[in-house]
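Report on one structure; see the data block that follows.
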Amino acid sequence: MSAAVGAALKKVLVAILTEPKVLKNILFAILVVVVAMILPTVFVVSIFRGDFEVDTASLQQYVEDNLSAADIVLLTNVENTMEAIEEAMIEAELGSEARTAQVLYVLALSDYASQPGFVSRLVSCFRPEQTDSQLVNAVNAEFGTNIQLQDFSNVMRNIRSRQINTSTYTDPGTKNNLDLVEWAIAAYNADWGYVMGTYGLVLTEDLLEAKLVQLPDDVGPYEEFIRANYLGLRTADCVGLIKGYSWYDVDTGEIGYATNGHPDVGADQLYNNATEKGPISTLPEIPGLILHAEGHVGIYIGGGYAIEAMGTRYGVVKTRVANRNWTGWCKSPYIAYVEEAPEEQEPA
């Protein structure tokens, strides 16, 4: 296979692993044909930088034209294994980690796929609420591999940052306070970055360049830091974290602009437009309230904690409300506020 095809396939790998929309449009076969054979994890890690947009249709055709009959057989086996992993993870009630299992197979375990019981052995490495370190240790112990934690975490950070999972939402069809909290927690867990003027989109080279032109005084001084830490990840500023939730379309998986009845407002304007609000000393125990200080907002997640896009050098963080300088709270006027669903009681 030519170097040009190999380089092209590296970008396909990134696109497929990180974009559900692309995942539906490109054969898994084209994703993995070279990955299992020529891409060590360290190379994949180095690819997760910058702009990952590809002309998927023409690239797919180009690669298919260069495949041999043996390649096609291999690709079919790979695709079947990917599907088997997903089905087994779902059956084990670990469906949310199916993509992680597939990534491990693609990047490190393809040589073991022909062994009896491979899929079940891979699934057995997963546990609920498992850390990356625990997972890598389990996989290395099971298969005798030497996967490096930092390499794996770097890859997964990019994948997790790009993914938006609504499976834990109370009502994905509406915009409400409880799902705003889920959105914020997911952004925190995925290590979203902070870039002024962004609202949850993946930070590509083009988007960064646009923000440097639009907001030179706010973004320019941090350009080197942003390039080193946030390219290829989702980013938001403080109010952008909130707007991104409102503007996210669960059907298309896209974040629009000023959609779903939520205008493009700044932090202070969001607070000023609210009709239900009060000083921080009167903060009710309602997850999904907006916390406000001059020029800044965060999301109250309950129990005395908030999640906020704090600043360029911090990204999206979780903080104690009492340790910050919040001055007020409000209900966002652009989402519904609902009570948490009561837990089902077992019959007496």
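The values are calculated or read from the model by the stated rules, or taken from the named source; none is laboratory data. None of these values were measured; they are calculated from a predicted model. Here Cβ is always computed from backbone atoms with ideal geometry, including for glycine, and neighbour counts include all displayed protein chains.
Tabulated data
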quantity: Positions within region 174-211 being among the hydroxyl-bearing types (Ser, Thr, Tyr) and surrounded by fewer than 22 Cβ atoms within 10 Å (Cβ to Cβ), in sequence order; calculated: Thr174, Tyr188, Thr204
quantity: So Thr235, is it in contact with a strand residue (DSSP E or B) (Cβ under 7 Å, 6 or more places away or on another chain), modelled with pLDDT of 95 or more and not small (Gly, Ala, Ser); calculated: yes
quantity: Subset tally (residues that are more than 22 Å from Glu91 (Cα to Cα) and crowded, with 16+ Cβ neighbours inside 10 Å) for region 124-142; calculated: 1
quantity: Elements of type helices (runs of 4 or more DSSP H) in region 204-322, at least 3 residues being among the small types (Gly, Ala, Ser) and over 24 Å from Asn189 (Cβ atoms); calculated: none
quantity: Matching entry among Thr252, Thr312 (being touching a Pro at 6+ places or on another chain (Cβ under 9 Å), farther than 19 Å from Asn177 by Cα and in the same structural domain as Val181 (by TED's automatic domain parsing)); calculated: Thr312
quantity: Selection within region 206-229 - of a type outside the set (Asp, Glu) and touching a helix residue (DSSP H, G or I) at 6+ places or on another chain (Cβ under 8 Å); calculated: Leu208, Lys211, Leu212, Val219, Gly220, Ile226, Arg227
quantity: Region 306-329 - residue that is free of Cβ contacts under 8 Å to residues at least 60 places away in the same chain and within 24 Å of Trp247 (Cα to Cα) and, of those, surrounded by the most Cβ atoms within 10 Å (Cβ to Cβ); calculated: Trp329
quantity: Which numbered condition Val265 misses (of (1) free of Cβ contacts under 8 Å to residues at least 24 places away in the same chain; (2) under 23 Å from Trp192 (Cα atoms)); calculated: (1)
quantity: Which listed residue is in contact with an Asp or Glu (Cβ under 7 Å, 6 or more places away or on another chain) and not hydroxyl-bearing (Ser, Thr, Tyr), from Gly295, Gly288; calculated: Gly295
quantity: Residue count for region 208-222, restricted to those that are out of contact with any Phe, Trp or Tyr (no Cβ under 9 Å at 6 or more places or on another chain), within 18 Å of Ala309 (Cα to Cα) and either modelled with pLDDT under 95 or among the hydrophobic types (A, V, I, L, M, F, W, C) (or both); calculated: 2
quantity: Extreme residue, surrounded by the fewest Cβ atoms within 10 Å (Cβ to Cβ), among residues of region 244-266 that are of a type in the set (Gly, Ala, Ser) and under 26 Å from Pro172 (Cβ atoms); calculated: Gly261
quantity: Wholly enclosed helices (runs of 4 or more DSSP H) of region 57-170 bearing at least 3 residues farther than 28 Å from Tyr230 by Cα and modelled with pLDDT of 85 or more; calculated: 69-91, 118-123, 132-143
quantity: Among residues of region 78-96, those that are of a type in the set (S, T, N, Q) and exposed (fewer than 14 other Cβ atoms within 10 Å of the Cβ), counted; calculated: 1
